[in-house]
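*Asks:* A single structure is presented below for examination.
The values are calculated or read from the model by the stated rules, or taken from the named source; none is laboratory data. If you're wondering where the values come from, they're calculated on a predicted model, not measured in any experiment. Here Cβ is always computed from backbone atoms with ideal geometry, including for glycine, and neighbour counts include all displayed protein chains.
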Amino acid sequence: MQKYISQQNLNTLLDKLITKGIRVVAPRISAGIPLYEPLKCSDEMVTDQLPRRSAKEAFFPVCEEIMSYEKEGQQVKLTDVDPARFPETVLVGVRPCDAAAIPVLDAVFSWDYKDEFFLERRRKTTIIGLACTTADDACFCTAVGLSPAETRGSDLFLTLLDGGGYACESYSEKGEALINGNGELFSESNNAVPFHLAAPQAEKIDLKKVKAWLDEHFEDPLWDGIAVRCVGCGACAFVCPACHCFDIVDEGTEKNGKRRKSWDACGFWKFTHHASGHNPRDLQPKRYRNRIMHKFKYYDDKFGQTLCTGCGRCVRICPVGIDIAAIVDEINKK
Ligand code: SF4
Ligand code: SF4
């Protein structure tokens, strides 16, 4: 179903949801940086800046408590965090490269172990995507088969129209329910000409060809050459909408404490450090190789999908200028 919603009515919708106690998460400026965060009112939403970090943290927070423990005499009392307490959420203004990564994450979080912390938030969240009207030199969604108007992962999708307001298309029951429950704010599509969409300049990458090369080149001089600069800061994984590694650590004393789940990154030296002292990825090129292999080979082997949506965040953030798009393009041209 395609509808039209004015900017004013979109703001009214978000304010109405906030008043009802629904958590509305959108890009907003936080300490000078655009981030996806809960809004206090619709005026806080910014639509012209790509958030520094991705939307994945609406489902997979940077750090969260999953259990606590307390020792009472000889007994240890364990208290689980109940995912049922997670609030109903509307995630709005989500860039196509972020929304498209969420179904990619579904595969791993509902695979052999069902991660109820992720899945319960997924069940309770309606995602409103927003088409991009600008792209910078780091954007390469079109190179990996997506686009600035990609609707994958969105329950509702907004496209800014010439003259203001948005074309609004629903792609799921959640999206239709949001429209039907707020019908007075939507009107029939006015057939206005869509605002021009962003046009990332990156050339299309043949992901099958890249994977076929990776299948045969676990050992290759390429890895030493490209990764020698990597300082293992992990920033690339932390800004990525598709990276999903985490660590579980108990923090506290012998009397009480909490078990926490926190983001981790394969670029870190300790990521594969065994208790024995052995580290199978003892050098940074092996760790950077894993990053490329995981995104363009291992995830595809396991789930038939590429673990990169071309958002370009890792390219922008890398302190030493490592450019994953250029590396994959180089492999593509071999
Ligand atoms: S690997 Fe880089 S470009 Fe690809 S989705 Fe992650 S942050 Fe974005
Ligand atoms: S952001 Fe750059 S330097 Fe930091 S781990 Fe990633 S590739 Fe290495």
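*Asks:* Any residue in segment 305-319 that is more than 6 Å from ligand 1 (Cβ to nearest atom) and modelled with pLDDT of 95 or more sitting within a Cβ distance under 9 Å of a residue that is basic (Lys, Arg) and not in a loop (DSSP other than H, G, I, E, B)? List the pairs, counting only those 6 or more apart or interchain.
*Replies:* Pairs found: Thr306/Lys211; Thr306/Lys295; Leu307/Lys295.
*Asks:* Right, another one. Kindly provide the set of residues from segment 310-334 that are within 13 Å of ligand 2 (Cβ to nearest atom), over 19 Å from the mean Cα position of the chain (by Cα) and either β-branched (Val, Ile, Thr) or within 13 Å of Ala138 (Cα to Cα) (or both), ordered by number.
*Replies:* Step one: filter segment 310-334 for residues within 13 Å of ligand 2 (Cβ to nearest atom), giving 312-327.
Within this subset, residues satisfying the condition of being over 19 Å from the mean Cα position of the chain (by Cα) are 319-322, 326-327.
Answer for segment 310-334, where residues must be within 13 Å of ligand 2 (Cβ to nearest atom), over 19 Å from the mean Cα position of the chain (by Cα) and either β-branched (Val, Ile, Thr) or within 13 Å of Ala138 (Cα to Cα) (or both): Val320, Gly321, Ile322, Ala326, Ile327.
*Asks:* Take Gly175 and decide whether it is part of a loop (DSSP other than H, G, I, E, B), free of Cβ contacts under 8 Å to residues at least 60 places away in the same chain, more than 19 Å from the chain's Cα centre (by Cα) and more than 30 Å from Asp80 (Cβ to Cβ). Show your work before the answer.
*Replies:* Numbers: part of a loop (DSSP other than H, G, I, E, B): no; free of Cβ contacts under 8 Å to residues at least 60 places away in the same chain: yes; more than 19 Å from the chain's Cα centre (by Cα): yes; more than 30 Å from Asp80 (Cβ to Cβ): yes.
The answer is no for Gly175.
Per-residue answers, yes or no, for (1) within 16 Å of ligand 2 (Cβ to nearest atom); (2) assigned to a loop (DSSP other than H, G, I, E, B):
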{"residue": "Leu214", "(1), (2)": "no, no"}
{"residue": "Leu222", "(1), (2)": "yes, no"}
{"residue": "Phe238", "(1), (2)": "yes, no"}
{"residue": "His244", "(1), (2)": "yes, yes"}
{"residue": "Asp250", "(1), (2)": "no, no"}
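Table: residues versus (1) modelled with pLDDT under 95; (2) within 16 Å of ligand 1 (Cβ to nearest atom); (3) of a type in the set (A, V, I, L, M).
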{"residue": "Lys204", "(1), (2), (3)": "yes, yes, no"}
{"residue": "Gly234", "(1), (2), (3)": "no, yes, no"}
{"residue": "Asp247", "(1), (2), (3)": "no, no, no"}
{"residue": "Phe271", "(1), (2), (3)": "yes, no, no"}
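*Asks:* Name the residue, out of Ser147, Ser154, that is more than 16 Å from ligand 1 (Cβ to nearest atom), surrounded by 14 or more Cβ atoms within 10 Å (Cβ to Cβ), among the small types (Gly, Ala, Ser) and within 28 Å of Ser187 (Cα to Cα). Please lay out each step first, then the result.
*Replies:* On the way: Ser147 fails: more than 16 Å from ligand 1 (Cβ to nearest atom).
Exactly one of Ser147, Ser154 is more than 16 Å from ligand 1 (Cβ to nearest atom), surrounded by 14 or more Cβ atoms within 10 Å (Cβ to Cβ), among the small types (Gly, Ala, Ser) and within 28 Å of Ser187 (Cα to Cα), namely Ser154.
*Asks:* Which ones in segment 260-281 are surrounded by fewer than 18 Cβ atoms within 10 Å (Cβ to Cβ) and either touching a residue at least 60 places away in the same chain (Cβ under 8 Å) or under 19 Å from Cys308 (Cβ atoms) (or both)?
*Replies:* To start, the set of residues in segment 260-281 that are surrounded by fewer than 18 Cβ atoms within 10 Å (Cβ to Cβ) comprises 262, 268-270, 272-280.
Result: Ser262, single match.
*Asks:* If the requirement is being in a loop (DSSP other than H, G, I, E, B) and either surrounded by 15 or more Cβ atoms within 10 Å (Cβ to Cβ) or in contact with a helix residue (DSSP H, G or I) (Cβ under 6 Å, 6 or more places away or on another chain) (or both), which of these qualifies: Arg28, Arg52?
*Replies:* On the way: Arg28 fails: in a loop (DSSP other than H, G, I, E, B).
Result of the check over Arg28, Arg52: Arg52.
*Asks:* Out of all the residues in segment 82-97, is one or more more than 16 Å from ligand 2 (Cβ to nearest atom), assigned to a helix (DSSP H, G or I), surrounded by 17 or more Cβ atoms within 10 Å (Cβ to Cβ) and among the aliphatic types (A, V, I, L, M)?
*Replies:* Within segment 82-97 (the criterion being more than 16 Å from ligand 2 (Cβ to nearest atom), assigned to a helix (DSSP H, G or I), surrounded by 17 or more Cβ atoms within 10 Å (Cβ to Cβ) and among the aliphatic types (A, V, I, L, M)), the answer is no, since none of the residues qualifies.
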